[in-house]
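Please read the structure below before turning to the comments.
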Amino acid sequence: GKPILQVKNLQKYYPVRTSLGKTKAYIKAVEDMSFDIYEGETFGLVGESGCGKSTAGRTLLKLVEPTNGEVIYRDEDIFKLKKSSLKHVRKELQMIFQDPHTSLDPRKKVGYSIEESLAIHKIGSKQKRKSLALDILKKVGFNEEHYYRYPHEFSGGQRQRIGIARSLVLQPKLIICDEPVSALDVSIQAQIVNLLKSLQKELNLSYVFISHDLSVVRHIADKVGVMYLGNLVEQASTEELFSDPLHPYTKSLISAVPLLNPESKREKIAIQGEIPSPLNPPSGCVFHTRCPFAFERCKTEVPKNNHIHNKRTVKCHLYDE
Ligand code: SF4
Ligand code: MG
């Protein structure tokens, strides 16, 4: 079938004033990023903190103004939509955050918070909204009694389930989950990930799952994109990415994850140094300052997105034709 969402050459730069106040510099948060998401599929977006994952997630819903690129949803470029159509699209493209606290009003009973998102989109009568809120609370494992409770009466994992309910009540097609389990205990993480997976099956949802944790992404994603300094340096099916990582950065990330199967062979790639500043990213390949395979050309020439097979891509000169 066709992708539900196509991201093409997404770019997000933040202007910053230099100390002289005259010349403008840019934080290059997202650079030339392209990927597709299919119905019912999870696209995992991984990378270290500060690599631009969250900015990418927000930009593709136009929650922050894009610098360049296209995001095609239902044959329309989200970036070109008028305010009213954008509002309609936003209903179908929801976001879940790391800390559901920020989206839940502490003074409101959680049932009201869920109904509120329906009211904002002018969906249903007051009575209808309440029954929809109750239905969705049940879907994430609560009952009528929880409807009348306040956010502080719930644990972190429970609040995340309420956050999920709050976006689900709008019947979205795609949800961008930005580090949804990172603040939770490991045992609770699995519960939330499994809940997201079963809801996906039941409701045919698509997810963009943003995380710095490869083992979580491996558990939920069908495809994975690896980000480094604003660049999507590699993308592949989860299976291929973990069994045969191509980009030196992906290799280093994967070699740091404990082996599930101790007999499988794996290259040990250790990278040195810190991530450079996105305000002044390295020339050529952004990874060249830390890459053990870097050669002369890597310092000057930006690698193109090499297509390997099966929509697998890698931005690295080692795979140039
Ligand atoms: Fe390393 Fe060069 Fe490939 Fe960049 S392009 S990842 S520096 S080998
Ligand atoms: Mg983030």
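Would you point out which residue out of Glu41, Glu70 is under 17 Å from Arg90 (Cα atoms) and either touching a helix residue (DSSP H, G or I) at 6+ places or on another chain (Cβ under 7 Å) or more than 16 Å from ligand 1 (Cβ to nearest atom) (or both)?
Of Glu41, Glu70, the one residue that is under 17 Å from Arg90 (Cα atoms) and either touching a helix residue (DSSP H, G or I) at 6+ places or on another chain (Cβ under 7 Å) or more than 16 Å from ligand 1 (Cβ to nearest atom) (or both) is Glu70.
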Any residue in the range 222-247 that's on the phi > 0 side of the Ramachandran plot: show its pairings with residues that are assigned to a helix (DSSP H, G or I) and not charged (D, E, K, R) at Cβ separation under 9 Å, as long as the two are six or more apart or on different chains.
Gly230/Thr55; Gly230/Ala56
Scanning the range 11-51 for residues that are assigned to a loop (DSSP other than H, G, I, E, B) and at pLDDT 95 or above, the one nearest to ligand 2 (Cβ to nearest atom) turns out to be Glu41
Pairs returned, first residue in the range 170-196 that is at pLDDT 90 or above, second residue that is small (Gly, Ala, Ser) and in a loop (DSSP other than H, G, I, E, B), beta-carbon separation under 8 angstrom, 6 or more apart or interchain, are Ile188/Ser155; Leu195/Gly141
For the range 105-139, which residues satisfy the criterion of being within 25 Å of the chain's Cα centre (by Cα) and buried (at least 20 other Cβ atoms within 10 Å of the Cβ)?
Ser113, Ile114, Ser117, Leu118, Ile136, Leu137
Which residue pairs have Cβ atoms closer than 8 Å, lie 6 or more positions apart in sequence or on different chains, and pair a first residue in the range 24-45 that is more than 25 Å from Val193 (Cβ to Cβ) with a second residue that is among the aromatic types (Phe, Trp, Tyr)?
Tyr26/Tyr13; Tyr26/Tyr14; Ile27/Tyr13; Ile27/Tyr14; Lys28/Tyr13; Ala29/Tyr13; Ala29/Tyr14
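Listed here are the residues, each with its yes/no results for (1) among the aromatic types (Phe, Trp, Tyr); (2) closer than 24 Å to Lys304 by Cα.
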{"residue": "Arg17", "(1), (2)": "no, no"}
{"residue": "Glu31", "(1), (2)": "no, yes"}
{"residue": "Gly50", "(1), (2)": "no, yes"}
{"residue": "Leu60", "(1), (2)": "no, yes"}
{"residue": "Phe79", "(1), (2)": "yes, no"}
{"residue": "Asp105", "(1), (2)": "no, no"}
{"residue": "Val110", "(1), (2)": "no, no"}
{"residue": "Glu116", "(1), (2)": "no, no"}
Of the residues that sit in the range 200-229 and are in a loop (DSSP other than H, G, I, E, B), under 13 Å from the mean Cα position of the chain (by Cα) and within 16 Å of ligand 2 (Cβ to nearest atom), which one is surrounded by the most Cβ atoms within 10 Å (Cβ to Cβ)?
His212
Residues that are surrounded by fewer than 18 Cβ atoms within 10 Å (Cβ to Cβ), of a type outside the set (Gly, Ala, Ser) and away from ligand 1 (no atom under 15 Å from the Cβ): does the range 288-309 have at least one?
yes
If you check Glu274 against the conditions, is it over 15 Å from Tyr228 (Cβ atoms), assigned to a loop (DSSP other than H, G, I, E, B) and either more than 11 Å from ligand 1 (Cβ to nearest atom) or among the charged types (D, E, K, R) (or both)?
no
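The values are calculated or read from the model by the stated rules, or taken from the named source; none is laboratory data. Only a predicted model underlies this, so the values are computations on that prediction, with no experimental measurement involved. As a convention, Cβ positions derive from the backbone with ideal geometry for all residues, glycine included, and neighbour counts pool all protein chains shown.
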